[in-house]
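Read-outs: derived from the displayed coordinates by stated rules, not from any lab. Note that the structure is predicted; figures quoted are calculated from it, not measured. Reconstructed Cβ throughout: ideal geometry from the backbone, glycine too, with neighbour counts over all protein chains shown.
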């Protein structure tokens, strides 16, 4: 009934193609979705601070410079999103994904989590704050199709 | 000058005595601080849902029942806090700590992180959103003493 | 004077054609209105959780899965609405309609109620929070025409 | 750890003694809780408008006068509450209870529902927005004891 | 049930003793109310700006200096109030009372109006935004007694 | 530099053509402004409640029905406005204009007042909350031209 | 991935061409940015109040009239901005730039500062609240290009 | 009438005893005021970051560490204040004072400025956002006495 274009932010894992699967799935269904995300090129993201603002000897401040710039992008897109999908993969700490989840929830933006069952227990607080927990990207596409039907 | 009593929420790791160190340190300095935190008894926290509301066969829903009750406590205390200290220890996923950090920041509550240097890189986004990154609980105590001087 | 396109969310009863009457009435008057609502196909709505996310033995969790997904749609559209019309029909509990009304009012979105006089007394709190109480869908259309004149 | 006094609003059914059970249960456990609720004397509540402000011929406006005054009390206490318990009994429409639930959720106040399993399906949207669904008042007391432990 | 102390702001007419009547009426009933209001000494209020900050030749700026200081008091008390009573008397423009009413409503603070029937029509927008319209100060006292019962 | 289209709400006096003068003045300057206002046809506005929702014997409730519908329009446009111009003319109580002013200010929307010097003193609180006080409609046009330059 | 058009407010120094450099740099890269700023014609800005609203003998009130009008423009654009760039040059007090920075941060809008190293110490509080500190306008362009990549 | 204890934050110049004058003046009048401010010991404030968290070679990061800790104190007290007094003295850049002013205004906290006439022009935007501009600390005391009368 509504012709609303949904804004969906894709947060989390950058080592698999789950974003591309969701975007392609929505395109295949003709869904009007505007996707956004952090910069997913790992090196570009890590080095953006020193690349633009000048080098740092201490990695702590090198990371700070990058994270400052990245947080402009992240916080702006999350606050403008109608929905945030947070993907947790099998590897790495991924604390920024959990941080995004908490940030979205406190900003009044609904979240969907996307992860395997093996992480159910450590993610129980994040899943409780989520509106759905998916195992596969295509489930996210199906939810979007339902929301926009 | 001010006689404000500060509300400080202690989030994260439950396997070491960092909370006790901070509380004892503040008491030793005579600081007027009201501390709060999640329930730190691991089993009590994990089983609270089924203990009170009835058993579940599926662990996903057992965790959901617990997390719902725990989130009443967590979100209430964080939103009432003047400061949230988020501790990341060497073990476990600790996604709930990062979730708390994002929730606090988006709620306008300042955070301090407390972790070792080895986690600086994976915590760079959380540290960027923090007002200070401490390595030892006594540094948190010193900051509180300064804030309340 | 203003050429504002109004966003109107239609909440409540799904067993009569009151939505269609309002939409057709607005179209007949050439009013620029964007309507939205929950999914009104009863079975699709009830089963969406298990259809997409997998089956549940316990109906309580089957309903939870559906309600989580439905609430993304409902809360998003209500918060974006300029006006929420809440219809109470003669049958069923319709607690979700009253929940939507309370949610809209606390979100600062004006509501109009639509119901027969026999429900005036049990709906007195909801009607008090409403800007108008209508008996017939065409009255809603007339109000919209006036608002947009 | 925290000595926070919790504000708990008790919404819904006025024909059984569930409020008294919760209050007595908390007292027995020595919990520091401040309870509030609407006026639960049915006649006093229904007639407060005309009793104070003057009679009305039309029952619609008689109810409006009462509901206006009652909503001052209701909205003030709900917004100040740390937790709202919403009770649905076996009888009556109870739309005001569902309205309170939606109002609390959109105001950022966590809710607990209290009802029998027979109402699970019509209350699925309200239960999804709740942090716990209880069957008996003593479960509410146990949750409060846990939150304040 | 609740022992909440209500904060009540008394706005409007300063030429009759309606404030004193409400305060005395509440005291007589033993109600725990904290009253606040603008400075009701007409000359002190009008001249506060130039008295403290220095004289002005132009009355427009003399009034601006006073209104700046008065608005600190007014806006602070209204935003802290649980209820604002707005009194319109038979004389003068009293635009500041209507301004206070609009300010309170947009700040989420409920209002009660207090005026004679002859002003019903020009006050229809303010009365619509009010939770009750009283004709006599004792009705305000009765409402407060009911709210705090 | 910016090509922002400004939303301007015109509140107050309906018995002179000040709105038309501002609109024509902006058109003459080619300014991209979207104007909105209440319904300025006095009878249509006063009778809209009973015209659509059915007659009332008591004028108090006749006015309530109208004011409820009018407030949907008024509050929606004011909250969406970038600027509210509030006109006070020489006649009538015009409390709704002062109410709109207070509502806008508390909603974070800047206001400009438009009135003769003879009303400076009774409007001192409203003028203090305003960003400018104009005497003639063309001054409002000049301000808009400056804001959009 | 996202085709979001960014709104960027340029605050501060008006005596060099840093705004033009940023705008030209973004155009050269084909970035979809909507820029806004205060009126940068110094005399037009200082005299706008008396030019439109009539002369003042006292410079304090002449400045007040100008600042009122300018603040409509400033506060509106800052609150609508996705990013505020605050430039501090080598001369003048530039307190309005620091005021804009504090206003933006409390409004939840991220800021970037742009100034030479010699001002690092007096700007340490502003820089701490900023997401990046640039030395040259082209660094701002590079950050915008990264944010919109 | 009200017995409200006012929270007043004193921002700005740390090289004269204006804070002590205001505090002593309020005590002499028996006013119930809770004062707060930044740490006014210049060295303690500048070095707090490296003193507690460890040394830095680069002064930019030394200042960052201090400013992070100081901003916890500053932002917490300003947001809790009923009134912020911002003092600009004859020396130094004092950008943090102007930043505090903008932060307070956007947080809805009224401000009073305190400075000599020679700074009227560069402070015109800050003064416009202020409710009063004082030349002497005793004027601040008189305003507080009036607000609490």
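Beta bridges assigned by DSSP with both partners in the protein assembly as shown are antiparallel in approximately 0 percent of cases. Peptide A:49-56 shows a mean partner chain C-beta count of 4 within 10 Å per residue C-beta.
So how tilted is helix C:95-106 from the main axis of chain C? Cα-based, degrees 0 to 90, rounded to 10. Here the helix axis deviates by roughly 60 degrees.
The residue of chain G whose Cβ sits closest to the rotation axis that maps G onto D, together with that distance in whole Å, is G:108, 8. Between the helical axis of H:59-80 and the longest alpha-carbon principal axis of chain H there is an angle of about 30 degrees.
Taking every DSSP bridge with both residues inside chain A, close to 0 percent are antiparallel. Taking every Cα-Cα distance in region F:76-149 and sorting them into 10 Å bins from zero, the calculated P(r) comes out as 19, 54, 26, 1 percent. Computed from Cα atoms, the angle from the helix E:18-29 axis to the main principal axis of chain E rounds to 30 degrees. Ordered from longest to shortest, the equivalent ellipsoid semi-axes for the protein assembly as shown are 41, 41, 32 Å, each the square root of 5 times a Cα gyration tensor eigenvalue. Take the Cα of residue C:116, go 7 Å toward its beta carbon, and the backbone nitrogen atoms of region D:73-103 under 20 Å from that spot belong to D:92-96.
By the beta-carbon count within 10 Å of each Cβ, the least crowded to most crowded order of C:131, A:91, fewest first, is A:91, C:131. When chain F is treated as a GNM with alpha-carbon contacts under 10 Å, the residue of F:27, F:13, F:56 showing the greatest mean-square fluctuation is F:56. Based on Cα contacts under 8 Å between residues 6+ apart, region H:79-148 shows a relative contact order of 29 percent. In units of the compact-protein estimate 2.2 N^0.38 Å, region B:1-58 shows a Cα radius of gyration of 1.57. Kirkwood hydrodynamic radius computed over region H:40-113 comes to 13.5 Å, based on all pairs of distinct alpha carbons. Comparing E:11, E:55, E:67 in a Gaussian network model of chain E (Cα springs below 10 Å), the most mobile by mean-square fluctuation is E:55. Estimated from the Cβ-Cβ distance and a Förster radius of 51 angstrom, the FRET efficiency linking residue G:5 and residue H:145 is about 0.50. When only alpha carbons are used to place a centre, region C:35-52 and region E:93-134 end up 43 Å from one another. Per residue, the convex hull spanned by the alpha carbons of region C:6-147 comes to 111 Å³. Peptide E:108-114 shows a mean partner chain C-beta count of 3 within 10 Å per residue C-beta.
Counting Cβ atoms of other protein chains within 10 Å of each residue's Cβ and taking the mean over peptide E:77-84 gives 3.
Relative contact order, whole percent, for chain H stands at 28, derived from Cα pairs under 8 Å and 6 or more residues apart. Dividing the mean sequence gap of close Cα pairs (under 8 Å, 6+ apart) by how many residues region H:1-81 holds gives a relative contact order of 33 percent.
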